[in-house]
Amino acid sequence: MARSESLSDIETSAGPRAGARGYDEDGRLPFESEFLAQLGSRVREMRAVRGMSRRELARLAGLSERYVAQIEAGKGNVSIVRLLRISLVFRGDGTVA
């Protein structure tokens, strides 16, 4: 950090902030929020088609039930590796954990 920069200057330049023009309350662009909402809906749909509870999906994928709920709600950032774990459960390849 250059001596002339303050911590607030770095925080401002580090990325989007909630309430900034074009960003939602989670600091995302609209297309990012839409993507996460669609992803969450699809995970919820796939789980329902297979008659699984959130708890069961979480256990089989080696994730917390709360994390699965956040994905389904379109909140939080989804790790590609964790998404892979969920997809392997849906493919029927058995438990991941």
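Some points to look at:
- Using a cutoff of 8 angstrom between alpha carbon atoms and counting only pairs six or more residues apart, the relative contact order for the stretch 25-97 works out to 34 percent.
- Sulfur and carbon atoms: percent of accessible area, the stretch 26-97 [1.4 Å]: 53
- Distant alpha-carbon pairs in the stretch 21-92 (separation over 19 angstrom), percent: 30
- Two-site FRET efficiency, Met46 against Ser79, from Cβ-Cβ distance with R₀ of 25 Å, rounded to 0.05: 0.90
The values are calculated or read from the model by the stated rules, or taken from the named source; none is laboratory data. The structure presented is a predicted model; accordingly, all values stated were derived computationally and were not measured. A quick note on method: Cβ atoms are made from the backbone with ideal geometry, for glycine too, and the neighbour counts reach across all protein chains shown. In case anyone asks, the SASA skips ligands and DNA or RNA and just uses the protein heavy atoms, side chains included. Shrake-Rupley method; radii C 1.70, N 1.55, O 1.52, S 1.80 Å.
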